[in-house]
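Visitor: Questions regarding the structure given below will be posed in turn.
Quick note: the coordinates plus some simple rules give every number you see, no bench work behind them. What you are looking at is a predicted structure, and each value in this text was computed from that prediction instead of being measured. Ideal geometry is used to build each Cβ from the backbone, glycine not excepted, and the neighbour counts take in all protein chains shown.
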Amino acid sequence: MPDLSVDIGGLKLKNPIMTASGTFGYGEEYAPFINLNDLGAIIVKGLSLKPRMGNPPPRIIETASGMLNAIGLQNVGVQAFIEKKMPYLRTLEVPVIANILGEDPEEYQRIAERLTPVPGVAALEVNISCPNVSKGGIAFGANPESAIDVVRRVKSVTDLPVIVKLSPNVTDIAMIAEAVESAGADALSLINTITGMSVDIDKRIPHLKNITGGLSGPAIKPIALRMVWQVVNRVKIPVIGVGGIMDASDTLEFLIVGATAVQIGTANFINPQSTIHILNGLLAYMEKRHIRDIHELIGTLKC
Amino acid sequence: MEKKLNLGSGCVIENVNVAKDHFVMSLLLTSICKDALPGQFVMIRKQGVKDPLLSRPLSLYGVYQTDAGTVLEFLYRVVGKGTWALSRLTGGDQVDILGPLGKPFEILPDRNHVILLAGGIGVAPLSYFAEYLAKDLDRPEERGEETASARKVSFYLGATTAAALVGIEKIERFCTEVRTSTDDGSAGFAGTVTELLQQDLAGLDHRNLCLYSCGPAAMIRSLSQLIESLDIPCQVSMEERMACGIGACLGCSIKVRDASLGWSYCQVCADGPVFDIKNLLWE
């Protein structure tokens, strides 16, 4: 069997298939459908210091080859996550990555402090790119100074690998990526959703109560791929590709342009076994071509 | 790790246009949904098709066991791209099914007069419930028996106009009485179905009643006002747009009472779709 293992800033994964935050609940929701231990890693729903109710409904609408969401980071909060969700996640033999979001840089730091000593938390993914909350999220991902501040604070209190999730809703994502790398990030994941909008022409109201939402799904894949390609050419740390990955060939495109791993998001909604189908497809591709190590694929784009 | 795989495929038997924009589709399934209960739903999509992207939630209109497998029936209205695509399916087409999902209606054994109140396409899950009750599927010992404890099932069905009163033939087969209303007075009572119920409630013994409802938000809301001060248990089946159907995307939230926080959001897919009407909060 080909070697699929990768290293994400010190975090060893047996394969590059991870789940994107916000599309996989706290893992347990998918246990009836797949063997969670087959995954490279599980990234759980974004965590805030206090529980968050989220945005008023309607929260989602399907658009051409994609969907808009404005969930607004409904989550149980870091304390309940540790007490109620981690005991189950710890029973798994798969790295669990906590996605974190603060309303200000201090809050990111405090959440990182709380999660670092928790057994079973393998890494942190710092969300500086959520488009659907009024405070925090993209506010820190849109300019290099605030992104640096958040990453330095998180790094100062944790020895866990720190992955920083970047927003595509910026003028120059590679510039933000370089800033985050200089602040000590161990890896990057990109892209988060692209801000979008949809209108009900009968009622002349937005389809989402939040008016705008984040676009995900196949519609954004070419943009995500282009951004990953731009960023891998500018940073040395590993990059995790995210955005509209539906199958093994989408995954291969990201690996070939230089992503070390990928996250599967919206595809989980369409088929809860998507991650495993993708993993099997990746293996079949490698076996057919006698590729023994996934590193023979990563960053091999000819152009 | 708990394994309760409810993912499978089905084959369309037929997909009949029963009224303007309304279809009844039946599917044959061989692996799943054998124990699907009234109030539950499935996520459905045409196999191998990427557009529409998301599966659509449809509540169950009928579940039958045959020698060939489990037959599921759905009564649905074409409202958008997803249901339009479903309406194009024909016999032999393959669909992917995730289900049964969600909490079913809870049967209250000591309440012998069941009132089912539906608005428009809300008729679908309540019709299956009526059939389930009529066949005594919850109490096998009384199946086929005419006993003193026999339930009375009254179906209240409202729609905008006579042509939109869909599914009456099935209801009439399984209910003790059927009461209809239309907003324009073209059939049955002229007015809303909750107004019709309000009239009738005056003459009924509330201690023996239980209510189940499904329909537009405005109807559920007026029902909640109508029975607010009355001691009649009422379960409602709610509808929201869904992406995953299994409580992961948090797209189908509705506002409910919460003992410690005052209120919170619940997921229609995983916490519902059936809720106690007294737990719902309205903006």
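Visitor: Taking the square root of 5 times each eigenvalue of the Cα gyration tensor, what semi-axes in Å does the equivalent ellipsoid of the stretch A:218-299 have, largest first?
Guide: They are 19, 18, 9 Å, listed largest first.
Visitor: Can you pull out the trypsin sites (Lys or Arg not before Pro) in the stretch A:114-199 that DSSP calls coil and that have at most 13 other Cβ atoms within 10 Å? Write down the numbers at each step before the final one.
Guide: Values: sites: A:114, A:135, A:152, A:153, A:155, A:165; in loops: A:135.
Filter output for the stretch A:114-199: A:135.
Visitor: Ok, one more. Summing Lys, Arg as +1 and Asp, Glu as -1, what charge do residues with Cβ under 10 Å from the Cβ of residue A:4 carry, residue A:4 excluded?
Guide: Details: positive: A:14; negative: A:3, A:293.
Every neighbour counted, the sum reads -1.
Visitor: Only Lys, Arg, Asp and Glu count, each charged at its Cβ (+1, +1, -1, -1), so figure out the dipole size of the stretch B:123-216 about its Cα centre, rounded to 20 debye. It would help to have the intermediate numbers written out before the result.
Guide: Working: 9 positive and 15 negative charges, 21 e Å.
The calculated dipole for the stretch B:123-216 is roughly 100 debye.
Visitor: Pop a pseudo-label 7 angstrom from the Cα along the beta-carbon direction at both residue B:230 and residue A:280 and give the gap in nm to one decimal.
Guide: 5.3
Visitor: Sticking with this one: Return the Rg/Rh value of chain B, two decimal places, where both radii are evaluated on C-alpha atoms and Rh is the Kirkwood radius. It would help to have the intermediate numbers written out before the result.
Guide: Numbers: Rg = 18.5 Å, Rh = 19.5 Å.
Taking Rh as the inverse mean 1/r over Cα pairs, Rg/Rh reads 0.95.
Visitor: Applying 1/(1 + (r/R0)^6) with R0 = 56 Å to the Cβ-Cβ distance of residue B:204 and residue A:197, what FRET efficiency is obtained, to the nearest 0.05?
Guide: Numbers: r = 49 Å, r/R0 = 0.87.
The formula returns an efficiency of 0.70 here.
Visitor: Next question, about the same structure. Answer with one residue from A:99, A:300, A:231: the one whose Cα lies farthest towards the positive end of the charge dipole of chain A, charges on Cβ with Lys, Arg +1 and Asp, Glu -1.
Guide: Result: A:99.
Visitor: Continuing with the same structure: Using a Debye calculation, one point per C-alpha and no hydration shell, please list log10 I(q)/I(0) for the stretch A:1-123 at q = 0.14, 0.16, 0.23 Å⁻¹ in order.
Guide: Computed log10 I(q)/I(0) values: -0.67, -0.85, -1.37.
Visitor: Then there's this: Evaluate the charge dipole of chain B about its Cα centre and quote only its size in Debye, nearest 20, assuming +1 on the Cβ of each Lys and Arg and -1 on the Cβ of each Asp and Glu.
Guide: The calculation lands at about 800 debye.
Visitor: For the stretch A:6-296, what mean projected area does the convex hull of the alpha carbons give, in nm²? Please list the in-between numbers first.
Guide: On the way: hull surface 56.5 nm².
Averaged projected hull area, Cα only: 14.1 nm².
Visitor: Based on the alpha carbons, how large is the Rg to Rh ratio for the stretch B:7-101 when Rh follows Kirkwood? Show your work: numbers first, answer last.
Guide: On the way: Rg = 12.0 Å, Rh = 13.0 Å.
Across the stretch B:7-101, the Cα-based Rg/Rh ratio is 0.92.
Visitor: Apply the Karplus curve 6.51 cos²θ - 1.76 cosθ + 1.60, θ = phi - 60°, to the phi angles in the stretch B:187-202 and return the couplings in whole Hz, x for Gly and Pro.
Guide: My calculation for the stretch B:187-202 gives 8, x, 5, 8, x, 7, 5, 6, 5, 4, 4, 4, 4, 6, 4, 4 Hz in order.
Visitor: Pull the list of the protein assembly as shown cysteines that no other Cys approaches to under 4.7 Å, Cβ to Cβ.
Guide: By the Cβ distance rule, which asks for a partner under 4.7 Å, the isolated cysteines are A:130, A:303, B:11, B:33, B:175, B:210, B:214, B:234, B:252, B:266, B:269.
Visitor: Counting only residues 5 or more places away or on other chains, whose amide H sits under 5 Å from the amide H of residue A:195 once H atoms are built in the peptide plane?
Guide: Long-range HN contacts for residue A:195: A:215.
Visitor: Continuing with this model, one more query. What's the FRET efficiency of residue A:211 with residue A:106 using the Cβ-Cβ distance as r and R₀ = 35 Å, to the nearest 0.05?
Guide: Once rounded, the FRET efficiency stands at 0.75.
Visitor: Peptide B:250-258: average number of partner chain Cβ atoms within 10 Å per residue?
Guide: Values: counts 14, 10, 4, 11, 2, 3, 0, 0, 1.
Other-chain Cβ atoms within 10 Å of each residue's Cβ, averaged: 5.
Visitor: Once the principal axes of the Cα atoms of the stretch B:113-232 are found, what is the range along each, listed largest first in whole angstroms?
Guide: Principal axes ranked by extent give 43, 33, 22 Å for the Cα atoms.
Visitor: OK, next. Using a Gaussian network model of chain B whose springs link C-alpha atoms within less than 10 Å, name the residue from B:199, B:94, B:235 with the highest mean-square fluctuation.
Guide: B:199
Visitor: What aspartates and glutamates sit close enough to residue B:20 to cross-link, taking a C-alpha to C-alpha distance under 19 Å and skipping anything fewer than 8 places away on the same chain?
Guide: Once the sequence-local aspartates and glutamates are set aside, what remains near residue B:20 is B:73, B:169, B:183, B:184.
Visitor: Next up: Of all alpha-carbon pairs in the protein assembly as shown, indicate the percentage at a distance above 30 angstrom. Walk me through the numbers on the way to the answer.
Guide: Numbers: 93241 of 171405 pairs.
Looking at the protein assembly as shown, the distances longer than 30 Å represent 54 percent of pairs.
Visitor: What's the FRET efficiency of residue B:184 with residue B:261 using the Cβ-Cβ distance as r and R₀ = 41 Å, to the nearest 0.05? It would help to have the intermediate numbers written out before the result.
Guide: Details: r = 43 Å, r/R0 = 1.04.
That gives a FRET efficiency of 0.45.
Visitor: Residues with beta-carbon under 10 Å from that of residue B:174, excluding residue B:174: net charge, scoring Lys, Arg +1 and Asp, Glu -1?
Guide: Numbers: positive: B:135, B:170, B:173; negative: B:131, B:172.
My count for the surroundings of residue B:174 gives +1.
Visitor: Next up: Please determine, in degrees from 0 to 90 and to the nearest 10, the orientation of helix B:217-226 with respect to the longest principal axis defined by the Cα atoms of chain B, where the helix direction is its Cα long axis.
Guide: Compared with the principal axis, the helix lies near 30 degrees.
Visitor: Give me a comma-separated list of calculated 3J(HN,Hα) values for the stretch A:10-19, in order, Karplus coefficients 6.51, -1.76, 1.60 applied at θ = phi - 60°, integers in Hz, x for any Gly or Pro.
Guide: Using θ = phi - 60°, the values come out as x, 8, 8, 10, 6, 8, x, 9, 10, 9 Hz.
Visitor: Per residue of B:236-243, what is the mean number of Cβ atoms on other protein chains within 10 angstrom of that residue's Cβ?
Guide: Working: counts 0, 0, 0, 0, 4, 8, 2, 13.
Mean partner shielding for this stretch: 3.
Visitor: For the stretch B:7-101, build the charge dipole from Cβ charges (+1 Lys, Arg; -1 Asp, Glu) around the Cα centre, then report which of B:13, B:80, B:101 sits farthest towards its positive end.
Guide: It is B:80, whose Cα lies furthest towards the positive end.
Visitor: Sticking with this structure for a sec: Mind checking Rg over Rh on the stretch A:97-215, alpha carbons, Kirkwood formula for Rh?
Guide: Working: Rg = 15.5 Å, Rh = 14.8 Å.
On the Cα set of the stretch A:97-215, Rg over Rh gives 1.05.
Visitor: What order, most packed first, do the peptides B:8-20, A:232-244 have when packing is the mean number of other Cβ atoms within 10 Å of each residue? List each step's numbers first, then the result.
Guide: Numbers: B:8-20: 15.2, A:232-244: 22.3.
Sorting B:8-20, A:232-244 by mean packing, highest first, produces A:232-244, B:8-20.
Visitor: Something else now. Working from the pairwise distances between different alpha carbons, so that the mean of 1/r is found and then inverted, what is the stretch B:238-283's Kirkwood radius in Å? Can you show the working numbers first?
Guide: Details: mean 1/r = 0.0932 Å⁻¹.
Taking the inverse mean of 1/r over all distinct Cα pairs, the stretch B:238-283 comes out at 10.7 Å.
Visitor: Let me ask something else. Based only on Cα atoms, what mean projected area does the convex hull of the stretch A:171-219 have, in nm²?
Guide: Numbers: hull surface 20.6 nm².
For the stretch A:171-219, averaging the hull's shadow over all directions gives 5.1 nm².
Visitor: Oh, and also: Once Lys and Arg get +1 and Asp and Glu get -1 on their Cβ, which of B:171, B:121, B:133 lies farthest toward the positive end of the dipole of the stretch B:113-232?
Guide: Going by the Cα projections, it comes out as B:121.
Visitor: Within 10 Å of each Cβ in A:268-276, how many Cβ atoms from other chains are there, averaged over the peptide?
Guide: Details: counts 5, 12, 11, 6, 9, 2, 0, 0, 0.
Neighbouring Cβ atoms belonging to other protein chains average 5 per residue here.
Visitor: For residue A:50, give me every one of the lysines with a C-alpha distance below 28 angstrom, ignoring sequence neighbours fewer than eight places off in its own chain.
Guide: A:84, A:85, A:135, A:155, A:165, A:209, B:255, B:278
Visitor: Dipole of the protein assembly as shown, Cα-centred, from +1 at each Lys and Arg C-beta and -1 at each Asp and Glu C-beta, to the nearest 20 debye? Display every interim value, and only then the final one.
Guide: On the way: 54 positive and 63 negative charges, 208 e Å.
It works out to roughly 1000 debye.
Visitor: Here's a follow-up. The stretch A:83-107 to the stretch A:165-185: how many Å between their Cα centroids?
Guide: Computed from Cα coordinates, the inter-centre distance equals 23 Å.
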